[in-house]
Structures are given as structure tokens and as C-alpha cells.
Amino acid sequence: MTSPQSPKPSRVSRRTFHRAAATTFGAAAGFHFFPALADKKLEKPTLAAIGAGGKGLSDINGAAKAGFQVVSLVDVVDARRLGNLSGDKKAVSRLKKLSGVREQYNDASFYRDYREMLADAGDKVDAVTVSTPDHHHFHASAMAMLAGKHVYCQKPLTHGIWEARMLNELANRTGVKTQMGNQAHANDHMRRCVELVRAGIVGKVQEIHAWTNRPIWPQGFAKPPEKEPVPDAIDWQQWCGPAPFVDYSSRIAPFAWRGWWDYGTGALGDMACHIMDMGFWAMDAKSARSVRATQAGATDLSPPINSVLKWEFDATPYSAQNGFAYHWYDGYIDAKFDRQSWQLIKNGDEYNHPSKEVLGDVDFSRYGSVIIGDAGKLFFNRSRNNWVLETGESIDGFDWPDQSLPRASEQNSYVEWMDAVSGKIDQAASHFGHSGPMTEMILLGVIAQRNPEETLRWDSRSMTIRGRDDLSKLVRREYRKGWESPV
């Protein structure tokens with residue numbers, strides 16, 4: 001490994017590395033896996049953090065508190081070379097906070113390219129966290145699993161549907177322990193509500209509604225911001241990675257990338273893995289059969305300022321006979337993108353939410369979702385340990401179920417992942433077998449946002465949208481040269 005002061009391994013040139021990486025990670029030579037690494041029972045597993053700023057820092061600290069030993073940091077920003085920065089003030093502030101990570105974990109080796117870290121790691125790294133922008137999730141997670149590393153990846157699991165399917169399949173083939181970072185999945189009150197819905201507390205489910213005030217970052221712009229000089233501390237080619245290249249601007253990174261189709265997945269990709277999770281889990285849903293979106297403000301570059309979506313699902317044991325609908329609402333009503341300030345300007349404090357017919361007298365701002373069955377409603381908020389039932393007389397005879405889902409240690413997603421890695425449990429609950437299909441469903445909605453006012457009919461087996469071969473490029477996109485798929 002490199003020394004903590006070195007930005008990348010000195011004995012491997014970038015050109016030589018990229019030739020070797022294709023063979024090491026399977027792009028040229030097919031599937032390679034090192035089962036001895038994944039099968040180890042580990043009491044103090046070593047961790048490499050891919051993405052060390054922003055959400056990366058909380059993932060690093062969460063994993064460290066759970067018992068992982070942080071031995072490597074990977075980030076396109078070398079915080080020890082930041083020097084003088086200019087540009088967007090919020091972006092500059094976020095970049096400067098990266099220096100604290102290097103000081104906190106000053107014994108950890110540092111890399112700018114996770115491919116180099118994985119090529120150099122051998123058996124010195126047992127697990128990785130992936131806390132990059134969305135467009136790197138697939139490559140970083142897949143390469144880590146191919147190298148026998150356990151993976152904790154932030155939501156959404158991937159940037160595209162095909163990528164989510166591949167990570168699910170790869171997790172099954174390698175047997176590594178996986179977890180997606182939708183932390184509320186580990187909360188007791190979410191798991192109890194899943195048990196109650198499956199036990200029939202609201203009857204057979206007909207529809208589910210979920211909503212958020214996001215986006216609160218810039219979305220809905222029609223052309224990129226003005227080009228800025230790339231700071232010496234940032235490897236911008238590496239930041240763009242497998243996605244299309246764009247000129248550097250502090251109004252893109254380190255945060256506002258969520259508002260770019262090429263790098264993020266908008267409010268839907270950011271928040272639905274949190275807010276739609278309980279309903280998706282409770283219904284034991286698989287793939288949607290169709291989706292339709294309405295939206296305002298989307299452009300060829302950027303996701304919408306607000307949107308409403310509806311997925312249709314086939315029946316499950318917990319739904320009505322003809323299946324159920326899942327509705328999504330995001331964004332502030334009548335918000336506008338202001339190019340001069342590069343911000344969304346709100347016109348009032350009301351954001352998209354279900355109608356009064358759905359909510360009744362319930363204050364939408366107190367909850368994030370509601371499950372509606374033929375015998376009542378369950379209102380849920382992932383962030384608070386409370387939920388509200390509206391039912392009729394049928395509740396008098398309801399047989400309250402015993403606990404059927406395992407509970408996460410300390411109600412903590414990092415601890416639950418650690419329990420899986422150390423062999424205490426088989427897998428964490430939001431493993432890629434659960435989070436992969438949910439991500440597929442959500443990203444199908446992202447495609448609908450880009451093709452509004454049209455019902456898209458989904459064929460899950462072939463991963464195609466019926467009658468829309470032109471949309472296959474949104475299901476599986478091409479990568480930049482040098483970033484071929486590792487699987």
C-alpha cells in the first residue's frame with residue numbers, strides 16, 4: 001500500500017495500472033473472485049473507504065464505531081493539497097471539511113483511484129464503504145466484490161437499472177456481505193410496521209403513497225454552469241469516471257451533482273430508497289409492471305423541480321387481488337431554478353404530497369408515507385419512532401403478530417453489516433438482494449421522469465420497456481473509454 005502522504009501508489013503508473021485493471025477485475029478476462037477473502041470470519045475487519053467526504057465521513061465513522069479498522073481512504077480530492085479555493089462558497093466549505101478525515105485517520109493510506117487501491121490491497125482490506133456520487137456506485141462495488149471484499153454502498157445502490165441487477169447477481173455469486181445505506185431499514189419501528197402490514201392490520205393493500213420536500217439542491221437547469229479552473233487538489237477526470245465528461249465547476253461538485261442526470265438521480269434516487277422502503281419491504285414487492293410520471297422543470301441535463309409518479313404492481317400475498325399502486329411525490333410546488341444564484345427558489349413552503357382524499361385530516365408534514373388497505377390506513381415516518389393507524393371496527397379482532405423479522409443490533413445499519421461480516425448473522429437486512437430490486441423499481445421511475453405523460457410498461461425478465469427500444473440506453477448506459485464494465 002501507499003504511505004498516507006502519497007496520493008497514489010508510486011510503483012504503478014496510471015497507464016500500466018489501467019492495462020492491468022481490465023484483467024484483474026474481469027472486463028477482459030471474465031469473472032474472477034477470491035473466495036478465501038470473503039469467507040473469513042473477522043472480529044476486527046479492515047476497511048477501505050471509497051469516498052471520504054460528506055456522507056463518506058459519516059459512513060467511515062459509523063463503520064469504525066461498529067468495529068471496522070479503517071486502513072485506506074479513497075477520494076478524488078486530496079485534502080492536504082487544497083490550498084486556496086474559489087468558486088461556490090458552499091462547495092468550498094464542503095471541500096475544506098475533507099481535511100478533517102485525513103487527520104482523524106492519519107494512519108490510513110490514501111488513494112485517488114479506487115481501482116488502484118483494490119489492485120494494491122490484496123488481503124489487507126476485508127471490506128469497503130462506497131460513498132461516492134451515484135455514477136461510481138456500480139464500478140466501485142462490483143470491483144470490490146470481485147476482489148472478495150464485503151460492501152456497504154450508499155443509496156441509491158446504482159445509477160442505472162442494469163447495474164442494480166448486476167450487483168444483486170454478483171452478490172449472490174460471490175457470497176460477500178452487503179448492505180445499502182438506507183439506515184432506517186435497521187430501525188425496530190420500521191420492521192414492526194412491516195410485520196403489522198403483512199399480518200393484515202390495514203387489510204389487503206390497495207395503494208401506497210410516499211412524499212418528500214426534496215430536491216433542495218439545484219435542479220431544472222438547461223445548460224451547465226460556467227467552466228472554472230480545476231483545483232490542484234481535485235482529480236477531475238477521476239471524478240467524472242465512467243460517466244460523460246463535463247467541465248469542472250464548484251456548482252457541480254462536491255454536492256450539486258445530484259441535480260445532473262449523468263451523475264445523480266435527482267430527488268427520487270436520493271430519497272425514495274429511504275421513504276419508499278417500508279412499503280416496498282412490507283409488500284414483498286418484486287418488479288413493477290408499469291410506471292407513469294408527471295413533472296415540472298426537467299431538462300436534457302437535469303431532473304425535475306417537482307414530480308408525481310405512479311407504479312403498478314402485480315398482486316402479492318399482502319395486496320388486493322388485482323395488485324397495488326405505489327405513488328411518489330417530490331419537490332416544492334411552483335419552485336423555480338435561478339441561474340444567477342444557482343439555486344431553487346421556493347414560492348411558499350408547501351411541497352408535493354397526496355390529496356386530502358388520501359390524507360384525510362392528517363398533516364402531511366408529520367409523515368413520509370401511508371399504506372392504504374381495504375380495512376384502514378397506516379401513516380409512517382422513518383425518522384420518528386411513531387406511526388398512526390386509522391382503522392374501522394375490524395381492529396377489535398385483529399390478532400397482533402409476534403415478531404417475525406430479526407432486529408438489527410443497536411438498530412444500526414453499520415453494526416448489522418458488521419454482524420454479517422463477523423459471522424454473527426447471515427446477511428444484513430438491506431443486502432443487495434433486497435436493495436437491488438427496490439433500486440431497479442425506483443430507477444424505472446427516473447426513466448419515467450425523463451419521458452413524462454407516458455405509461456412505460458416494464459419487462460423485468462429482459463430488462464426492457466415494451467415498445468420503447470430507444471430507452472434501452474437509459475436502462476444500460478455506455479461508459480467512458482477506460483471504464484468498461486467489470487462484469
Item to check | Full-extension gain in nm, N386 to V358, via 0.36 nm per residue minus C-alpha separation | outcome: 8.1 nm
Checklist entry - By how many degrees, 0 to 90 and rounded to 10, does the Cα axis of helix 432-449 deviate from the longest principal axis of the chain? => result 80 degrees
Next on the checklist: What does the charge count around E416 come to, taking other residues whose C-beta lies under 15 Å from its C-beta (Lys +1, Arg +1, Asp -1, Glu -1)?
Outcome noted: -1
Item to check | With Cα atoms, 0 to 90° folded angle of helix 55-66 axis to the chain main axis | outcome: 90 degrees
Checklist entry - So what is Rg over Rh here for the stretch 391-455, counting just Cα atoms and using Kirkwood for Rh? => result 1.20
Item to check | MRE, 222 nm, helices only [DSSP H, n ≥ 4, -39500 (n - 2.57), over the chain, to nearest 500] | outcome: -8000 deg cm²/dmol
Checklist entry - Is the shape of the stretch 307-416 rounded, prolate or oblate, going by the alpha carbon gyration tensor and its root eigenvalues a ≥ b ≥ c, with a/c under 1.5 for rounded and a/b larger than b/c for prolate? => result prolate
Checklist entry - Given the chain, what percent of its DSSP beta bridges are antiparallel, to the nearest 5? => result 60 percent
Checklist entry - Which distance in nm do the two modelled labels at S365 and S409 give, with both placed 7 Å along the Cα-to-Cβ direction? => result 4.0 nm
Checklist outcome for this item: Per DSSP loop assignment and a cutoff of at most 13 other beta carbons within 10 Å, the chain keeps its longest run without exposed chymotrypsin sites (Phe, Trp or Tyr not before Pro) at 246-487
Next on the checklist: Let me spell out the model: positive unit charges on the Cβ of Lys and Arg, negative unit charges on the Cβ of Asp and Glu, origin at the Cα centre of the stretch 327-472. What dipole size does that give, in debye rounded to 20?
Outcome noted: 560 debye
Next on the checklist: How charged is the neighbourhood of T455? Take every other residue with its Cβ under 12 Å from the Cβ of T455, and add Lys/Arg as +1 and Asp/Glu as -1.
Outcome noted: +3
Checklist entry - Under a plain spin-label model, where a point goes 7 Å from the Cα along Cα-to-Cβ, how far apart in nm are L301 and K424? => result 4.8 nm
Checklist entry - For helix 266-275, what angle does its Cα long axis make with the longest principal axis of the chain, in degrees from 0 to 90 and rounded to 10? => result 60 degrees
Item to check | Overall dimensions of the stretch 194-325 by Cα: Rg and Dmax, Å | outcome: 19.1, 60
Item to check | Relative contact order, percent, the chain [alpha-carbon distance under 8 Å, six or more residues apart] | outcome: 21 percent
Checklist entry - What residues qualify as long-range amide H neighbours of S319, i.e. H under 5 Å apart, gap of 5 or more or another chain, H built at 1.01 Å from N? => result V205
Checklist outcome for this item: Taking R0 as 45 Å and r as the Cβ-Cβ distance between E228 and D469, the FRET efficiency 1/(1 + (r/R0)^6), rounded to the nearest 0.05, comes to 0.70
Next on the checklist: If you count only protein heavy atoms with a 1.4 Å probe, what accessible area per residue comes out for the chain, rounded to a whole Å²?
Outcome noted: 41 Å²
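The values are calculated or read from the model by the stated rules, or taken from the named source; none is laboratory data. Here the structure is a predicted model, which is why all the values come from computation and not from measurement. Cβ coordinates were reconstructed from backbone atoms using ideal geometry, including for glycine residues, and neighbour counts include every protein chain displayed. We work out accessible area using only protein heavy atoms, side chains counted, and drop any ligands, DNA or RNA first. Shrake-Rupley method; radii C 1.70, N 1.55, O 1.52, S 1.80 Å.
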